[in-house]
Amino acid sequence: MASLGTSVLKPASTTSTPASSRPGTSAGPDKSNADSQASALSSSPDLTAVITILPSKPDPPFPSPCPPSPKEDDPEPPYSIYTPPQKHLLTLLVSFAAMFSTLSSFIYYPALVPLSQSFNVSLSLIQLTITSYLIIAGIAPAFMGDMADQSGRRPVYILMFVLMISANVGIAVVEKWEGLLVLRMVQSAGGSGLYGGGYGVIADIAGPEERGGLVGVLLLMTDVATSLGPVIGGGLTEGLGWRWIFWFLVILTGSWFVVVLVFLPETQRGLVGDGEKRAKGWVYQSFWSVFYFKDGKGKKGTEAVVVGEKADGEGGEKRKFKFPNPLACLPVLADKGSLVVILITAINYAVKAALQTSLDAQATEIYGLSYLQAGLVYLPSGVGGGFGSFFAGRFADWNYKRAVRRGGHEEGYDKKSPSFPLEKTRLRGIYTLHAVTFLGIIGYGLALKFRAHLAVTLLMQLLTGTSTAATFVLCGTLLTDLNMNRSATAQAASNLVRCLSAGGAVAVLQPLVEHVGPAACFGIYAGIVFLCFPLAWVVQRFGVGWRVANLAKKE
């Protein structure tokens, strides 16, 4: 663009007539126009024009009034590379594995009397193997969870299956009670960590909007084991002998171990991110990793670090091996929100364990059932637990999505904001579940006291099994949400508290029944469940403030 210099114009004293209007002149050609313009200039001596044209610099670009911003409607990147069908398949894989922990415990109950006869020891010593199983089930996941969060899921799964299979083979051939006691503890060490491992895998592959449904599937499988275990154990004990219980577990766990080795990928997000990174080392390789990375898929040059090796793109730091720290779960218990959620879970689990432990003995004593029939009475609780887990998971996902839609438009927060009411969202409906559990326990105690029809007792088991299973889904999903970077460790902390609580509840069960009767005994347990009402209110009321305070401390 050129700039205009000085211009001086003086008006002409005469007005010239355009050539085109003169007689005898053509108005069309360009030449005539040029001649007429020249004539006009020459005929106007008083018109003086001085025009100076100066070179100029290019105009500077105008700054944009506002910098470009990313589109608000751009979709968020996927939480993981796995498609919904793949997520469901992986969830089924780890859920079936987690079932072995519960199955190994409940399949044992119908064989208590034959075991005492086979080893020629008292029933109290055989029951000691149950107590030791629960103690190790509370302690071992603290090691396994920390190991899974620091070294990956697959190595820990391999270790747990090896321990479990070895223990089952040993129990099937053991001849002394002392060997049975030790091997039951080894069996518990291997199986109990599978529950927390399942939570860890689900937290790795699924975002919060779909996590509740997958947790529901996980708990559905474990609830099914509570009902199928006694049935299978009773049938095998009557038909083939108690040793075939453990040969059955060897076959089942061994077969699924092969499935885990072949199909379970490494999902730990500290190693593989959203799944597009490939972890180094043979222990991390599965059919999935070979298939996914063989054609150059995934992120090249960003392989995840393995213990003792340098990390790519992380300043050459080393990921050193650390011995699993069972105290790593203590920070989870120090978090107020997590602690309250764990207490709600532990209370419900302890009371449910007491109810189901009493069922076998009461059914045999009051109703005169055989071992196989006594195993069948566990079915209502397991079926109810399965339905409760499944529908509670679906409800948790639906309610979370609804809260995101409503909150995002009305109150201006999003699901990633610390002000998002996560505790209220996840625990919606918890008071109804507590009420059903409370009334079901009281009804169960009264049914035993007045020797009501067996159907009444089983109905109470159905109600409490459904409500407690749904409670586990809501609390387990919330606990995972609150501890995304240590999901397996958080479940290990929950497992520690709930197993120790269950051990105490089962230990005092028989003395309470003998001294105060079944109605008063289960009235006490119902009173303990009543404590869950204020606990749920506390975490819903103060949970957001606790999370915001924790975030401020970290920053």
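Restricting to region 91-104, count the residues that are open to solvent by less than 30 Å² (accessible area, probe 1.4 Å), more than 12 Å from residue 197 (Cα to Cα) and under 15 Å from the mean Cα position of the chain (by Cα).
Qualifying residue count for the region: 0.
Inspect all residues belonging to region 373-388 and state whether any of them is part of a helix (DSSP H, G or I), within 18 Å of the chain's Cα centre (by Cα) and more than 24 Å from residue 530 (Cα to Cα).
no
Look through 365, 411 and report the one residue that is charged (D, E, K, R), under 24 Å from residue 523 (Cα atoms) and either modelled with pLDDT of 85 or more or surrounded by fewer than 18 Cβ atoms within 10 Å (Cβ to Cβ) (or both).
Among 365, 411, only 365 is charged (D, E, K, R), under 24 Å from residue 523 (Cα atoms) and either modelled with pLDDT of 85 or more or surrounded by fewer than 18 Cβ atoms within 10 Å (Cβ to Cβ) (or both).
Any residue that is touching a Ser or Thr at 6+ places or on another chain (Cβ under 7 Å), modelled with pLDDT under 50 and surrounded by fewer than 20 Cβ atoms within 10 Å (Cβ to Cβ) - is there at least one of those in region 56-77?
Yes, the conditions are met somewhere in region 56-77.
Among (1) open to solvent by 20 Å² or more (accessible area, probe 1.4 Å); (2) of a type in the set (Val, Ile, Thr); (3) in contact (Cβ under 8 Å) with a residue 60 or more places away in the chain, there is one condition residue 107 misses while meeting the rest; what is its number?
(1)
So which residues in region 414-437 are open to solvent by less than 70 Å² (accessible area, probe 1.4 Å), among the hydroxyl-bearing types (Ser, Thr, Tyr) and at pLDDT 70 or above, if there are any at all?
Correct list: 419, 425, 437.
Which residue out of 138, 152, 196 is out of contact with any Ser or Thr (no Cβ under 6 Å at 6 or more places or on another chain) and open to solvent by 10 Å² or more (accessible area, probe 1.4 Å)?
196
One line per residue, one yes/no per condition, for (1) open to solvent by 40 Å² or more (accessible area, probe 1.4 Å); (2) modelled with pLDDT of 80 or more:
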{"site": "185", "(1), (2)": "yes, yes"}
{"site": "203", "(1), (2)": "no, yes"}
{"site": "213", "(1), (2)": "no, no"}
{"site": "227", "(1), (2)": "no, no"}
{"site": "236", "(1), (2)": "no, yes"}
{"site": "242", "(1), (2)": "no, yes"}
{"site": "250", "(1), (2)": "no, yes"}
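Has region 169-176 got at least one residue that is modelled with pLDDT of 90 or more and within 21 Å of the chain's Cα centre (by Cα)?
The answer is no, given that none of the residues of region 169-176 is modelled with pLDDT of 90 or more and within 21 Å of the chain's Cα centre (by Cα).
The values are calculated or read from the model by the stated rules, or taken from the named source; none is laboratory data. Because the structure is a prediction, the values reported are computed rather than measured. Backbone-built Cβ (ideal geometry, glycine too); neighbour counts: all protein chains shown. Please note that ligands, DNA and RNA were not included when accessible areas were found on the heavy atoms of the full protein model with its side chains. Shrake-Rupley method; radii C 1.70, N 1.55, O 1.52, S 1.80 Å.
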